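Before any comments, here is the structure.
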């Protein structure tokens, strides 16, 4: 998904660059180009190859599989950045981009996991996860791309996302335990 993302982003960034510049350009490419393209492609990878799998059998799996897809995306993206820009870019991306992609993936994955086990709200929960991932990714990119004193706020954003994810992980773990207990109760009832 990195290659289609890079091609689409380059094309759209070129078009937006012809129309506008400065802070407006950064705002548009952050929230309307880079973040939506990358997060939607990561979502599609999980939705197409993992979501219907029998192994995806608890809410926590949404987080695990989406974070895995996000880290794979970040790894290849980092290679594409490091080759032309050098090792210092790789080091910076290791401390910011990799955790960032993991956070965006966890945020989206929590809602994908909930959607899997709530068919009545499946579409709404998936949309919510994608939107949250896009907004947090867009803010992350916007802060970094301004290359101003605001860029340092990206650390606060990542810390806030990690704290929020910690809460969601606890909820997912509790929901998974409840679903497991219910499933075991149903199986015991069938055996009697």
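Got at least one residue in segment 31-43 being surrounded by fewer than 16 Cβ atoms within 10 Å (Cβ to Cβ) and more than 23 Å from residue 131 (Cβ to Cβ)? Among the residues of segment 31-43, not one is surrounded by fewer than 16 Cβ atoms within 10 Å (Cβ to Cβ) and more than 23 Å from residue 131 (Cβ to Cβ), which makes the answer no. Summed over segment 131-152, residues that are surrounded by fewer than 20 Cβ atoms within 10 Å (Cβ to Cβ) and either more than 12 Å from the chain's Cα centre (by Cα) or within 20 Å of residue 72 (Cβ to Cβ) (or both) total 9.
For the condition surrounded by fewer than 20 Cβ atoms within 10 Å (Cβ to Cβ), closer than 25 Å to residue 30 by Cβ and out of contact with any helix residue (DSSP H, G or I) (no Cβ under 9 Å at 6 or more places or on another chain), residue 86 qualifies. As for segment 29-45, it holds at least one residue that is out of contact with any helix residue (DSSP H, G or I) (no Cβ under 8 Å at 6 or more places or on another chain), modelled with pLDDT of 95 or more and within 29 Å of residue 170 (Cβ to Cβ). Going by the structure shown, is residue 57 more than 15 Å from the chain's Cα centre (by Cα) and assigned to a helix (DSSP H, G or I)? Spelling it out, it is not the case that residue 57 is more than 15 Å from the chain's Cα centre (by Cα) and assigned to a helix (DSSP H, G or I).
Flag not set for residue 11, criterion: free of Cβ contacts under 8 Å to residues at least 24 places away in the same chain and in a loop (DSSP other than H, G, I, E, B).
The values are calculated or read from the model by the stated rules, or taken from the named source; none is laboratory data. Keep in mind that what you see is a predicted model, and the values were worked out from it rather than measured. Using ideal geometry, Cβ is built from the backbone for each residue, glycine included, and neighbour counts are taken over all protein chains shown.
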